[in-house]
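Student: The structure is given below, and queries will be raised subsequently.
The values are calculated or read from the model by the stated rules, or taken from the named source; none is laboratory data. Quantities reported herein were computed from a predicted structural model and do not represent experimental measurements. Neighbour counts run over all protein chains shown; Cβ positions are idealised from the backbone, glycine included. To get the accessible areas, we keep the full protein, side chains included, count just its heavy atoms, and leave off ligands, DNA and RNA. Shrake-Rupley method; radii C 1.70, N 1.55, O 1.52, S 1.80 Å.
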Amino acid sequence: MADVLSVGVNLEAFAQAISAIQALRSSVSRVFDCLKDGMRNKETLEGREKAFIAHFQDNLHSVNRDLNELERLSNLVGKPSENHPLHNSGLLSLDPVQDKTPLYSQLLQAYKWSNKLQYHAGLASGLLNQQSLKRSANQMGVSAKRRPKAQPTTLVLPPQYVDDVISRIDRMFPEMSIHLSRPNGTSAMLLVTLGKVLKVIVVMRSLFIDRTIVKGYSESVHTEDGKLDIWSKSNYQVFQKVTDHATTALLHYQLPQMPDVVVRSFMTWLRSYIKLFQAPCQRCGKFLQDGLPPTWRDFRTLEAFHDTCRQ
């Protein structure tokens, strides 16, 4: 709505008009207060009447003066331009029953979400392009015989090596406990408990992290049959936000040649949430924004930011 008003409108005159409206309301309130109080604080009836009439006339003059000032400013404000940020859909912002049909606010939210999706898709595309899967022209023309496809060594690491890496990471952070299990064969699943703040389910493929689910410390992380629940999300919005940021972190920490470094870097980043409800935002300095603490952690400095303050 603010974007719509900023097109074709004199914002300075608009701000002055709002102040004039407040002044007019104050003047009208004084008129009714004068009528409510009546004639007081005079010994004679004639003196009370004169004082009341004089006071009432002053208040009416104030109302008239403020009303004229508001009319003058209304001519300076101007009218919004017809070119809305979302074209004709911007006209929905003028709907007087926003509570019943909040279409414009939903469109803006979808537009922001689309921009974020495009941004993260660009990051993913850049990371994937670093690992080119195209064969060179020399390989295609030198030999007609197909060469055997080399198996990536990072995907077939022995379980003992994975256990050793996770055990070393567990010893690095005393406030973080990591429980490793293999319910479906050789692929490991980690249950990470960070103090009394949150729990994280990490689904791994060898030393590659495929999926993370963040839940509150008091929430259940198991299904009815006792297995780790890797599909249901948290019931709290704050941990849903942290889950989204953890997925973004998985795209950021990418080093296929050294997967143990990737896991250690991710766990170091995850450990920064030990003060999720204690650290203020490094930009605005507030602990809460829209009822949520700073859920974003910078990938380099690990500083806390609100989701809207990090941009």
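Student: Mind checking the dipole of the stretch 159-274: about its Cα centre, +1 per Lys or Arg Cβ, -1 per Asp or Glu Cβ, Debye to the nearest 20?
Tutor: On the way: 13 positive and 11 negative charges, 40 e Å.
In debye, rounded to 20, the stretch 159-274 gives about 200.
Student: DSSP loop trypsin sites (Lys or Arg not before Pro) in the stretch 225-311 with at most 11 other Cβ atoms within 10 Å of their Cβ, which ones? Before the final figure, lay out each step's value.
Tutor: Values: sites: LYS227, LYS233, LYS241, ARG264, ARG271, LYS275, ARG283, LYS286, ARG297, ARG300, ARG310; in loops: LYS227, LYS233, ARG283, LYS286, ARG300, ARG310.
Those satisfying the criteria are ARG300.
Student: Then there's this: Under 5 Å between amide hydrogens, which residues at least 5 positions from ASP307 or on another chain qualify, with H placed 1.01 Å from N in the peptide plane?
Tutor: Amide H to amide H, under 5 Å and 5 or more residues apart or across chains, ASP307 pairs with THR295, TRP296.
Student: Per-residue HN-Hα couplings for the stretch 273-284, Karplus 6.51 cos²θ - 1.76 cosθ + 1.60 at θ = phi - 60°, whole Hz, x for Gly and Pro?
Tutor: Once rounded to whole Hz, the list reads 7, 5, 10, 4, 9, 10, 8, x, 5, 6, 9, 8.
Student: Exceeding 18 Å between C-alpha atoms, which entries from my cross-link table qualify? They are LYS116/LYS286; LYS199/LYS241; LYS112/LYS286; LYS196/LYS275; LYS112/LYS215. Each step should come with its number before you reach the end.
Tutor: Values: LYS116/LYS286 24 Å; LYS199/LYS241 14 Å; LYS112/LYS286 23 Å; LYS196/LYS275 10 Å; LYS112/LYS215 25 Å.
Distance filter (> 18 Å) returns LYS116/LYS286; LYS112/LYS286; LYS112/LYS215.
Student: Under a cut-off of 16 Å between alpha-carbon atoms, report the aspartates and glutamates in cross-link reach of LYS233, not counting same-chain residues fewer than 8 places apart.
Tutor: Here the aspartates and glutamates satisfying the reach criterion relative to LYS233 are ASP210, GLU219, GLU224, ASP244.
Student: List every residue whose amide H lies under 5 Å from the amide H of VAL197, counting only residues 5 or more places away in sequence or on a different chain, with H placed 1.01 Å from N in the peptide plane.
Tutor: When sequence neighbours closer than 5 places are left aside, there are no close amide H contacts.
Student: As a test question: what accessible area, to the nearest 10 Å², does SER19 have when a 1.4 Å probe is rolled over all protein chains in place?
Tutor: Looks like 60 Å² after rounding.
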